[in-house]
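A quick write-up on the structure given underneath.
The numbers here are math on the coordinates, done by the rules we state, and not lab data. Bear in mind that the values here come from a model prediction, so they are computed numbers and not experimental data. Cβ coordinates were reconstructed from backbone atoms using ideal geometry, including for glycine residues, and neighbour counts include every protein chain displayed.
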Amino acid sequence: MEIEEASFSSPWDRNTFVATLEDDRCKNVVACIRSKIVGYCLALEMNTMIHLLNLAVHPDYRYKGIAVALLGEILSFAKERNKVYVFLEVRKSNKAARCLYETQGFRHVSTWHRYYTDTGEDADVMIKKLGQEG
């Protein structure tokens, strides 16, 4: 929860976080340095795709490749499960996250207007088709 609260203006509440961790349809990965959790990625397995729900790295450990590694784990999982796509929503204002996803082959496919209820901000929907470069 510390990383969640440090990473998002409207963090998930504890109940939502625990429910996701306990959901059998979810793939959850963590990054640890010297037994300390420094990042995590939560994703929901769906019929033909994976919905990336949440990815965060502790502010002290950002820009060290941790987010790329976490995302790589989810992409590998998706390929192992023969999924066709991985998709996510990201705030339009979150330039660092959008850049990360773009460098990992995600493409903007849609904008959901006023998606975030806390601010009314739009969300960019991004998709990566698996089995393709870029």
- Which of the residues that make up the range 19-38 are within 23 Å of residue 69 (Cα to Cα), in a helix (DSSP H, G or I) and not hydroxyl-bearing (Ser, Thr, Tyr)? 21, 22
- Kindly indicate which of 84, 90, 38 is surrounded by 13 or more Cβ atoms within 10 Å (Cβ to Cβ), touching a residue at least 40 places away in the same chain (Cβ under 8 Å) and of a type in the set (A, V, I, L, M, F, W, C). 84
- Scanning the range 97-119 residue by residue, those surrounded by 12 or more Cβ atoms within 10 Å (Cβ to Cβ) and of a type in the set (A, V, I, L, M) turn out to be 97, 100
- Message: So residue 71 passes all but one of these: (1) touching a helix residue (DSSP H, G or I) at 6+ places or on another chain (Cβ under 8 Å); (2) in a helix (DSSP H, G or I); (3) surrounded by fewer than 14 Cβ atoms within 10 Å (Cβ to Cβ); (4) not hydroxyl-bearing (Ser, Thr, Tyr). Which condition number does it fail?
- Response: (3)
- Task: Report yes if some residue within the range 15-24 is among the hydrophobic types (A, V, I, L, M, F, W, C), in contact (Cβ under 8 Å) with a residue 40 or more places away in the chain and on the phi < 0 side of the Ramachandran plot; otherwise report no.
- Result: no
